[in-house]
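So the structure is just underneath, and the comments pick up after that.
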Amino acid sequence: MTARIYLAGPEVFLANAREIGLRKRAVCTRYGLTGIFPADEEEPCSPALTLPERGLAISRAMERVMRTCDAMIVNLTPFRGPSADVGSAYEMGFMRALGRPIFAYTNDDRPFFDRVVEFCGGTVRERPTSMHEDNDGMAIERFMFRDNLMLDGCVISSGGCLVAEPTAYCERYTSLVAFERCVSTAASLLISFTI
């Protein structure tokens, strides 16, 4: 049986989301996996629904689809700030709670700390405890992970891996180099689990 892989990430917000989804699913197929792209799983919503009702319908649909998947590959490339897409972060927690392996990639290979410092305009203060803080006096974690420690921890604890690949800024959501490396690793590990 072919493993079903939930493909999470901010690509669903691209104007050409369906095209990116087709490309990602094709990569998965080459490695013997079935990629499930979220935008393809949305059900038509009644025009009578309010916008919040439509949003809740999408949320319920994605949770239903994730329950049918064997693992997840998630794009942690920073989205609308220094960290990963918040919806994808929620989906990671959902899949982790289901006990599914989570594989991740990012097209920005800088550590989370460096991205937060840049986001804060390069001005951070060092505390007497060797911690750093932003302009609001909030500590900035410096564990040298690719994103928030809970996201990296989620991937590692699930038995997955995180692939980081520097990519041109204009291709950060469309380049599939890191994605393919991640799919290759996921396929090897998932196939060894089922043998």
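Just so you know, all these numbers are worked out from the coordinates, no wet-lab data involved. The model shown is predicted, which means the values in this text are computed figures rather than measured ones. Neighbour counts run over all protein chains shown; Cβ positions are idealised from the backbone, glycine included.
What does the charge dipole of segment 18-106 about its Cα centre add up to, to the nearest 20 debye, if the Cβ of each Lys and Arg holds +1 and the Cβ of each Asp and Glu holds -1?
240
What does the extension gain come out to for residue 60 and residue 177, with contour length at 0.36 nm per residue minus their alpha carbon separation?
Numbers: separation 117, 0.36 × 117 = 42.12 nm, distance 3.09 nm.
Answer, rounded to one decimal: 39.0 nm.
Counting other Cβ atoms within 10 Å, keep those with at most 12, restrict to DSSP loop, and tell me which chymotrypsin sites (Phe, Trp or Tyr not before Pro) in segment 90-192 are left. Can you show the working numbers first?
Details: sites: 90, 94, 103, 105, 112, 113, 119, 143, 145, 169, 173, 179; in loops: 143, 145, 173.
Filter output for segment 90-192: 143.
What are the GluC sites (Glu not before Pro) within segment 1-84 that DSSP puts in a loop, where the Cβ has at most 15 other Cβ atoms within 10 Å? Can you show the working numbers first?
Numbers: sites: 11, 19, 41, 42, 53, 63; in loops: 42.
Counting only loop positions with at most 15 other Cβ atoms within 10 Å, the GluC sites (Glu not before Pro) in segment 1-84 are 42.
Using θ = phi - 60° and the Karplus relation 6.51 cos²θ - 1.76 cosθ + 1.60, list the HN-Hα couplings for segment 98-109 in order, rounded to whole Hz, with x at every Gly or Pro.
Along segment 98-109, the couplings run 7, x, 8, x, 10, 10, 9, 8, 9, 9, 10, 8 Hz.
Tabulate in residue order the Karplus-calculated ³J(HN,Hα) for segment 39-52, using 6.51 cos²θ - 1.76 cosθ + 1.60 with θ = phi - 60°, rounded to whole Hz; enter x for Gly and Pro.
My calculation for segment 39-52 gives 4, 7, 9, 5, 8, x, 9, 5, x, 6, 6, 6, 4, x Hz in order.
Give the label of the value calculated from the structure for mean projected area of the Cα convex hull in nm², choosing from (i) 12.6; (ii) 11.1; (iii) 10.5.
Looking at mean projected area of the Cα convex hull in nm² for this model, the match is (i).
Pull out the extension gain between residue 53 and residue 125, defined as 0.36 nm times the separation in residues minus the alpha carbon to alpha carbon distance; nm, one decimal.
Working: separation 72, 0.36 × 72 = 25.92 nm, distance 4.35 nm.
Going from the current span to full extension adds 21.6 nm.
For the residue pair residue 169 and residue 80, what label-to-label distance in nm results when each label sits 7 Å from Cα along the Cα-to-beta-carbon direction?
Between residue 169 and residue 80, the simple spin-label model gives 2.0 nm.
Only Cα pairs within less than 10 Å get springs; with that Gaussian network setup on the chain, which residue of 146, 125, 96 has the largest fluctuation?
Taking springs between Cα atoms under 10 Å, the residue moving most is 125.
I want to check the label-to-label distance for residue 136 and residue 46. Put each point 7 Å from Cα in the C-beta direction and report it in nm to one decimal.
4.0
Extension gain residue 156-residue 143, at 0.36 nm per residue separation less the Cα-Cα distance, in nm?
So the chain would gain 3.3 nm between residue 156 and residue 143.
Highest GNM mean-square fluctuation, the chain, Cα pairs closer than 10 Å: which of 140, 102, 36?
140
Taking R0 as 22 Å, what's the FRET efficiency between residue 118 and residue 90 from their Cβ-Cβ distance, rounded to 0.05?
0.35
Of all the Cα-Cα pairs you can form in segment 70-143, what percent are over 15 Å apart? Don't jump to the answer; show the numbers that get you there.
Values: 1652 of 2701 pairs.
The proportion of pairs with Cα distances above 15 Å equals 61 percent.
Taking H placed 1.01 Å from N in the peptide plane, check which residues at least 5 places from residue 163 or on another chain put their amide H under 5 Å from its amide H.
Here the answer is 104, 105, 106, since their amide H atoms fall under 5 Å of that of residue 163.
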